[in-house]
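The values are calculated or read from the model by the stated rules, or taken from the named source; none is laboratory data. Quick caveat: nothing in here was measured; it's all calculated off a predicted structure. Don't worry about glycine lacking a Cβ; one is built from the backbone with ideal geometry, like all the others, and counts go over all protein chains shown.
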Amino acid sequence: MDLCVAIKGVSFLLQTGMGILGNTVVLLAYTQIVCTGPKLLPVDMILCHLAFTNLLLLVTRGVPPSMTVFGLKALLNDPGCKVVISAYRICRALSVCMTCMLSVFQAVTVTPTGPYLSRLKPSLPSLVIPTFAGLWLFNMAICISTPLFTMAPRNGTVSAFTIDLDFCILDFRDNLSYVINGVAIFGRDFAFVALMVGSSCYILLLLHRHSHQMKGIRRSQGGGAETRAAKAVLTLVVLYVVFFGIENVIWIYMLTLSKVSPVVADMRVFSSSCYASLSPYFIISSNKKVKAKIVCTAEDKQPSADTQDSNDK
C-alpha cells in the first residue's frame, strides 16, 4: 500500500473513530439526563441535536473512505452513493445551522430582559423543535439536486467537472452546474456563519459592556451560569469558524479547477469533519451536566468491577 494512501486511511479512521465515540458519549449523557431529570434547556437541546448531526456526518463521510483505502472496493452502488452523499451534505449543513442556532439562542438568553424579550424568552423551549424541523426541510430542499450528480465510480477516465471521492463520484457534467452547486453551498454556509458571528459578537459586546452589572443584577438568576454558557458557545463558534475558513478556502480553489484532485477533495472533507470530531470533547469538558453524568456513570460501574475482581479471587 502506498504511504500517502495509508496515511489518508489512518487519518480518516482516527478522526472518524474519535468523533463517533465523542458524539455518542454526549448523546448517551443527554439521554440519561432526560430520563432522570427535568426537561432540557433550549441550549442543551441544541447541543444534543448538534451531536446527533455530527455523528451522522462522520458515519456517512468518514467511514466509507476509510474502508475504501483499506481494500473494500466497490463499496457502494449508485443508489447507495446517492443516499450516503445526500445524507452527508444534509448533516454537514445542519452542523453549521445548529451552531448558528446555538449562538442565536444564547444571545437571546443573555440579553437583558426588555418588553419584547420578556415574552420571547419563556417561549424559547417551544420554538426549538419547530426550528429543528424547519432547518431539516430547508437543507433537504437545498440538497435536492445532489442525487442527480452522484454515482458509483466508473472504470476509465474521470470526466471534467467531477469530484472523485474514491468510493463515489460527483459528476456535474458541465461548468455551469458545477459552479452553481458550489456557489449555492457556499452562499448558504456563509449566510449562517455570518449570522453566527454576528450573534457571537453581540454576546461579546454584552459581556464586555455589562460584566459588572450582570454580576450584580443576575446573581440571583444564575447570571454566572449564563456567562459560562455564553463563553462555551463562543468557543464552539470560534472552533467552527476556523475549520469553516480552511474548508472554504479549499472549496473556492476547487471551483477554479475543471478536474479536482482526490487529494484536494480529501483535504476539504477532512478539515470540514474536524469540527464534528472535536466539538463533542469540548461539550464534555465545558458542560457541567454532561460531565457530571459521565462521571456518575463511571462511578456506578466501578463497584461492579471491584465485586467481579473479588468473586474471581
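Right, residue 123: surrounded by fewer than 16 Cβ atoms within 10 Å (Cβ to Cβ) and either out of contact with any Ser or Thr (no Cβ under 8 Å at 6 or more places or on another chain) or part of a helix (DSSP H, G or I) (or both) or not? Outline the logic, then answer.
Values: surrounded by fewer than 16 Cβ atoms within 10 Å (Cβ to Cβ): yes; either out of contact with any Ser or Thr (no Cβ under 8 Å at 6 or more places or on another chain) or part of a helix (DSSP H, G or I) (or both): yes.
So residue 123 passes the test.
The set of residues from segment 133-152 being without any contact (Cβ under 8 Å) to a residue 60 or more places away in the chain and within 24 Å of residue 68 (Cβ to Cβ) comprises 143, 148, 149. Checking segment 56-66 against the condition returns no match, with no residue being assigned to a helix (DSSP H, G or I) and without any contact (Cβ under 8 Å) to a residue 24 or more places away in the chain. Considering the conditions (1) under 23 Å from the mean Cα position of the chain (by Cα); (2) assigned to a helix (DSSP H, G or I), residue 205 is excluded by exactly one of them, (1). Within segment 101-118, the set of residues being assigned to a helix (DSSP H, G or I), in contact with a Lys or Arg (Cβ under 8 Å, 6 or more places away or on another chain) and free of Cβ contacts under 8 Å to residues at least 60 places away in the same chain comprises just one member, 108.
Hey, among the residues in segment 240-275 that are touching a Ser or Thr at 6+ places or on another chain (Cβ under 6 Å) and within 19 Å of residue 8 (Cβ to Cβ), which one's surrounded by the most Cβ atoms within 10 Å (Cβ to Cβ)? Walk me through it before giving the result.
Kept after step one, since they are touching a Ser or Thr at 6+ places or on another chain (Cβ under 6 Å), are these residues of segment 240-275: 240, 243, 246-247.
Subsequent filtering for residues that are within 19 Å of residue 8 (Cβ to Cβ) retains 243, 246-247.
Working: 243: 19, 246: 16, 247: 21.
Ranking the qualifying residues of segment 240-275, first place goes to 247.
Among the residues of segment 89-120, not one is of a type in the set (Ser, Thr, Tyr), buried (at least 22 other Cβ atoms within 10 Å of the Cβ) and over 20 Å from residue 245 (Cβ atoms). Number of residues in segment 64-88 that are surrounded by fewer than 21 Cβ atoms within 10 Å (Cβ to Cβ) and under 16 Å from the mean Cα position of the chain (by Cα) equals 2.
Scanning segment 21-63 for residues that are surrounded by 19 or more Cβ atoms within 10 Å (Cβ to Cβ) and among the small types (Gly, Ala, Ser) yields 22, 29, 51, 62. Screening the candidates 167, 161, 149 for the property of being surrounded by 15 or more Cβ atoms within 10 Å (Cβ to Cβ) and at pLDDT 85 or above yields one hit, 149. Could you say whether any residue in segment 87-100 is without any contact (Cβ under 8 Å) to a residue 24 or more places away in the chain, out of contact with any strand residue (DSSP E or B) (no Cβ under 9 Å at 6 or more places or on another chain) and over 21 Å from residue 194 (Cβ atoms)? So far as segment 87-100 goes, no, none of its residues is without any contact (Cβ under 8 Å) to a residue 24 or more places away in the chain, out of contact with any strand residue (DSSP E or B) (no Cβ under 9 Å at 6 or more places or on another chain) and over 21 Å from residue 194 (Cβ atoms).
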